[in-house]
Amino acid sequence: MSKKYFHLFLFLSFLVIPFKKIMAQKTDTIYHVNKNILTGDLKSLAYGIATWKMDGMGTINLEEIKINTIVSKKQFEIKMKNDLIYFGSFEASKTFRTVYIVTSTKKVLVNIKDIVEIYPIKSSLWLKISGEFSLGYNYTKGSDVGNLTFSGNTNYRKKKTLVELTWDQNNSYQADTLGSRKTDVTLAWQRLLKNGWSSQISGGFSQNSELGIKERWILNLMGIKDISYNNWNRLYGGAGLNISHEIPYGGISEQDDLAGLFQIVWKVYKYKEPKLWVDADISYLPYFTDSGRHRTEININPKINLLSNNFKVGLKLYYTYDSKPPSEASSTNDYGVNFQFSYSFH
């Protein structure tokens with residue numbers, strides 16, 4: 001073989017090998033309960049919905065109740081209703097609505113309805129990242145008040161570990177002047193343990209001009225327990241400690257505090273049209289270092305699908321209460337409602 005043809009052969013090999021790798025990624029098969037066969041790329045399963053990418057049709061969503069069995073040689077992290085976690089591939093079963101999970105040491109037959117999460121174990125950093133971005137704006141002519149919000153989250157997932165960055169920026173304007181500002185940014189690291197338990201460490205920054213908080217830097221240490229987790233909802237609670245450094249407005253002295261932290265989170269999904277998502281959480285913080293002070297934070301975020309599951313419209317409602325804000329002139333509570341448009345990826 002001449003040097004010219006050898007170089008051409010190498011060039012074509014570099015083109016074909018990645019192409020084969022890409023094609024090999026789309027060899028997952030879902031057998032529908034009506035006996036249809038879907039071949040493509042299983043992206044995930046959560047809250048009763050399998051996200052499925054098919055050539056020509058793009059990304060579609062398939063309800064878990066319509067899946068008979070699954071075939072895939074790829075490796076997945078699979079969480080069961082009984083809190084067991086498997087790492088393995090899928091092999092078809094002849095029994096209705098069941099599938100074999102094939103791990104490195106065994107093959108287990110499970111009911112499809114008992115699977116609450118499926119996530120591919122991906123080698124690419126980008127493919128391990130998912131998230132959502134939301135933008136909202138409200139304006140009232142009579143009061144000349146506008147409200148602009150920007151919020152979202154980005155998740156990085158690997159075996160038994162989830163890293164999540166969340167942010168929520170809420171600014172109110174009157175005429176051309178910034179009237180109030182509320183900001184929350186949190187970076188959390190969560191590790192799955194056994195029997196539905198997880199540990200979580202999070203750090204963050206918040207600001208709330210209505211409550212007189214110029215800066216609040218926080219560190220949270222928590223234990224989390226799943227109370228209910230199935231194909232339409234996840235309800236979990238957590239408890240731990242909150243360490244904070246607070247800088248008020250108005251030149252008031254900075255302070256460091258230690259508080260308890262109790263939290264309930266509820267995520268609901270309804271897959272019948274119109275599809276509905278509801279994320280809600282409530283946190284309660286009794287202070288150890290500031291006698292008589294306690295804080296409560298409530299967030300509710302209902303959304304419905306728009307065109308596809310990637311595009312959603314909804315409302316963002318929040319309420320914050322502080323029994324002893326740093327300044328006597330500050331309000332003890334803050335609340336708001338905003339219309340939002342959201343886009344999710346991966």
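The values are calculated or read from the model by the stated rules, or taken from the named source; none is laboratory data. What you see is a predicted model, and the numbers here were worked out from it, not measured in a lab. Neighbour counts are summed over all protein chains in view; Cβ atoms, including those assigned to glycine, are modelled from backbone coordinates with ideal geometry. When the accessible area is computed, the model is the full protein with side chains, heavy atoms only, and any ligands, DNA or RNA have been set aside. Shrake-Rupley method; radii C 1.70, N 1.55, O 1.52, S 1.80 Å.
Side notes on the structure shown:
- Scanning the range 30-45 finds no residues that are open to solvent by 30 Å² or more (accessible area, probe 1.4 Å), out of contact with any Gly (no Cβ under 8 Å at 6 or more places or on another chain), of a type in the set (Phe, Trp, Tyr) and modelled with pLDDT under 90.
- Residues that are in contact with a strand residue (DSSP E or B) (Cβ under 8 Å, 6 or more places away or on another chain), open to solvent by less than 50 Å² (accessible area, probe 1.4 Å) and not β-branched (Val, Ile, Thr) within the range 48-60 comprise 48, 50, 52, 54, listed in sequence order.
- The range 198-225 - residue that is open to solvent by 30 Å² or more (accessible area, probe 1.4 Å) and of a type in the set (Val, Ile, Thr) and, of those, farthest from residue 116 (Cα to Cα): 218
- For residue 104, the criteria (1) buried (at least 17 other Cβ atoms within 10 Å of the Cβ); (2) not in a strand (DSSP E or B) hold in every case but one, which is (1).
- Failed criterion for residue 24 (all others in (1) more than 26 Å from the chain's Cα centre (by Cα); (2) modelled with pLDDT of 90 or more; (3) of a type outside the set (Ser, Thr, Tyr) hold): (2)
- Qualifying residue in the range 54-66 (condition: of a type outside the set (Val, Ile, Thr), assigned to a strand (DSSP E or B) and either at pLDDT 90 or above or under 25 Å from residue 160 (Cβ atoms) (or both)): no
- Test for residue 228: is it in a strand (DSSP E or B), of a type in the set (S, T, N, Q) and surrounded by 15 or more Cβ atoms within 10 Å (Cβ to Cβ): no
- Filtered residues of the range 317-332 (kept if touching a residue at least 60 places away in the same chain (Cβ under 8 Å) and either open to solvent by 30 Å² or more (accessible area, probe 1.4 Å) or part of a loop (DSSP other than H, G, I, E, B) (or both)): 325, 326, 327, 329, 330, 331, 332
Conditions tested, residue by residue: (1) in contact with a Ser or Thr (Cβ under 7 Å, 6 or more places away or on another chain); (2) at pLDDT below 95.
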| site | (1), (2) |
| --- | --- |
| 232 | no, yes |
| 239 | no, no |
| 246 | no, no |
| 257 | yes, no |
| 272 | no, yes |
| 285 | no, no |
| 288 | no, no |
| 304 | no, yes |
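- Test for residue 235: is it open to solvent by 30 Å² or more (accessible area, probe 1.4 Å) and either more than 20 Å from residue 317 (Cβ to Cβ) or touching a residue at least 40 places away in the same chain (Cβ under 8 Å) (or both): no
- Residues in the range 217-260 that are of a type in the set (D, E, K, R) and closer than 22 Å to residue 199 by Cβ: 225, 226, 234.
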